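What follows is a short report on a single structure.
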Amino acid sequence: MSKIQPDMTRNDKGFYPHYRILLPLLILPVLSLFMNQAAQADTAAVKGEKQDIDKSLASTMPIADKKTDMSAPLPSLPPIENFPHANPVGQPYYVPQAVNRHIGHQYNWGVFNRGNGEAAGFGPVGRYGVAAWAEDWSDLRDPKNRKDPFDFLKYVPLNKSGSLWISFSGETRFRNWFETKPQLGTQKINNSGRFGIRNLYGADLHVGSHLRFFAQIVNADASGWNVYGYNATYKKTLDLQQAFVEVKGTVLGAKSGIIIGRQQFLDAPSYMLYNRETPNVPLSWNGFRSYALWSRFRVDGWYFVGTNTDKQAIFHDNQDYDTRLYGFNSTWAPPDFSFLGQKGYSFLDAFYIGYRLTGKLGAISAPNNKSSQGTDIRNNFGIRWHGAAGPIEFSLGAIWQGGSFRYAGTDRSRNVNAYAINSIVGYRFPKNPLRLFAGIQSDVYSGGNASKTSGSIGGYISPFNPQTNYLDTTTYIAPSNLISVAPLVRLTPQKSVSLQLKLPLFWRENTNDPIYKSSGLYSFARDFDGKFIGTAPQAALTWQINTHFSWTQYVSRFVTSHALHEAGAKNGTYYQSNFVFRF
């Protein structure tokens, strides 16, 4: 028996009972199809209702959303936008605010509902949101709006007036990976196959229009062959993912609120901080955030500590006071404008985001391919301008990262002086049957000097799980000491199918600093003294099978540079599949 086989046997045995959890996934697609057929039996009634929605949208859609292909009227939310991805640029469809509000399930945030809705500060929201508590299902109070088989779970009145009601949400995700040379071959295993399943189920209790309580539980497991990297973010018995209370109302003319408890946080550029997508357990925080939105300006402030995960105990996750996140974000929506004879809009963000990290999460590079741990405080001051100017979509951002690093067990400290520049600009071809979008993404993350043990630290860090597919779908390359340029193309031949092709090219920003991965820095068999890292051509195919089921596949081939290959890195193929049930 080979060295890896005992681990394989143990993993498969431990995972075997959980295969029973997958049985509903085999039944639910068929059940959902039958339920959808039943729900659509009265086609005349549905058609009449659709005409009413079209008329409503035509009368309420702003002029800026009615003209040109950039804001082409959509009588319904395209299925591919049921669950929009992060990054406002390059979505399969441009979704006007009226459509996102009237047919999607985002709260009424006015102009901040545009596109994928993330400008409001609660993450992307279409029919469903990355954060389930960011969805508004109050329209189902009117029985005429209930046409989906699962609508009976989305709005459950608890009194006659309907002022007390509860909404249930759920997600089961089955994900599998296959990698020929994991992490550029540094894992010392070949042909790794991993798979995991997670369940996220929640309840959102509304008490009148000013008070609500939200709770969500998580359960997850993972196994495979030649596996690596599994920890408590992949395997979890049962725990409280989120639990908070929100008080909201109108203050000084703004839609305002305060959220206190354990919660997801997405009010930052997704290339800086996101939801921890790759593992089974999403990122959650403990603390408070407050927000206020006016017609064209909003502000948000927060203070959080992290969450410790414990895969061995049930309902045992507690606060991680060594990890902290705090700051504020403001967004201004300037007046709409015209460009190339078409309407345009934009958002201007200005933010401060602070990190306080202790231990491995805040480690810095050190001589001889080592790392030094300590207390790392990072102060991020940033701006971002994003929007659409006619057929051109853009996002331009810059961050200066200051702070200090104090070595563990000593009084010795160093200042931080780092930066990041992020941009993506693309053209959405008008009247194209494939809804072609073509653009270029460029990112620069400053590097430091690993041989220095004094002076300023120049290496930028982004410790809180930026959007997985923003830089590289393999996640082999982390946003530190990096220059990346990536041409990309998105095709949407059907309302439920979208394909993105991307060709990222990677360089080190500073050859005195190593290459970084998501869990630290790379160490190869021989020294790497080159600048060019390599390229990773990749494709992402998303199919929204129906309202509740989606299937997304990613494939990439990481090709290292000659110098990196000589240092000991390996070329490899990466494949990932995500089959998701959501209601």
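The values are calculated or read from the model by the stated rules, or taken from the named source; none is laboratory data. Since the structure is predicted, the reported quantities are computational estimates derived from the model, not experimental observations. Cβ coordinates were reconstructed from backbone atoms using ideal geometry, including for glycine residues, and neighbour counts include every protein chain displayed. Keep in mind that these areas ignore ligands, DNA and RNA; they rest on the heavy atoms of the full protein, side chains included. Shrake-Rupley method; radii C 1.70, N 1.55, O 1.52, S 1.80 Å.
Rounded to the nearest 10 degrees, the angle from helix 19-39 to the longest Cα principal axis of the chain is 30 degrees. Pairs from the list K311/K360; K360/K517; K188/K452; K360/K531; K144/K431; K502/K531 with a Cα-Cα gap above 23 Å: K188/K452; K360/K531; K144/K431. Were the residues from V425 through V245 laid out at 0.36 nm apart, the gain over their Cα-Cα distance would be 60.9 nm.
Computed with a 1.4 Å probe over protein heavy atoms only, the accessible surface of the chain comes to 41 Å² per residue. When both the range 227-285 and the range 124-162 are represented by their alpha-carbon centers, they are found 21 Å apart. For the range 496-541, the relative contact order comes to 61 percent (Cα pairs under 8 Å, sequence separation of at least 6). Nearest 10 degrees is fine. How inclined is helix 43-60 to the longest principal axis of the chain, computing both from alpha carbons? Value to nearest ten degrees: 80.
Rounded to the nearest 20, the size of the Cβ-charge dipole of the range 77-582 about its Cα centre is 400 debye, with Lys and Arg at +1 and Asp and Glu at -1. Extension gain for N176-D310 works out to 46.0 nm (0.36 nm per residue, less the C-alpha to C-alpha distance). Between the range 301-318 and the range 506-583, the C-alpha centres lie 29 angstrom from each other. Distance from the C-alpha centroid of the range 427-446 to that of the range 85-103: 15 Å, rounded to the whole angstrom. Placing unit charges on the Cβ atoms only, positive for Lys and Arg and negative for Asp and Glu, gives the range 382-450 a dipole magnitude near 100 debye about its Cα centre. Projecting the Cα atoms of L361, Q187, A134 onto the charge dipole of the chain (Cβ charges, centred on the Cα centre) puts Q187 farthest toward the positive pole. Ranking V444, F174, Y271 by Cα position along the charge dipole of the range 77-582, where only Lys, Arg, Asp and Glu carry charges on their C-beta atoms, puts F174 farthest toward the positive end.
Per atom type, the chain shows carbon and sulfur on 60% of its accessible surface, probed at 1.4 Å. Peptides 447-459, 213-225 ordered by packing proxy, namely the average of other Cβ atoms within 10 Å per residue, highest first: 213-225, 447-459.
Length gained on full extension, S442 to F297, computed as 0.36 nm times the residue gap minus the Cα-Cα distance: 49.4 nm. For the chain, averaging the sequence separation of C-alpha pairs within contact (under 8 Å, six or more residues apart) and dividing by the residue count gives a relative contact order of 11 percent.
Can you give the FRET efficiency to the nearest 0.05 for V559 and F152, using r as the Cβ-Cβ distance and R₀ = 45 Å? Calculated transfer efficiency: 0.30. Placing +1 on the Cβ of every Lys and Arg and -1 on the Cβ of every Asp and Glu, with no other charges, gives the range 314-455 a dipole of roughly 280 debye about its Cα centre.
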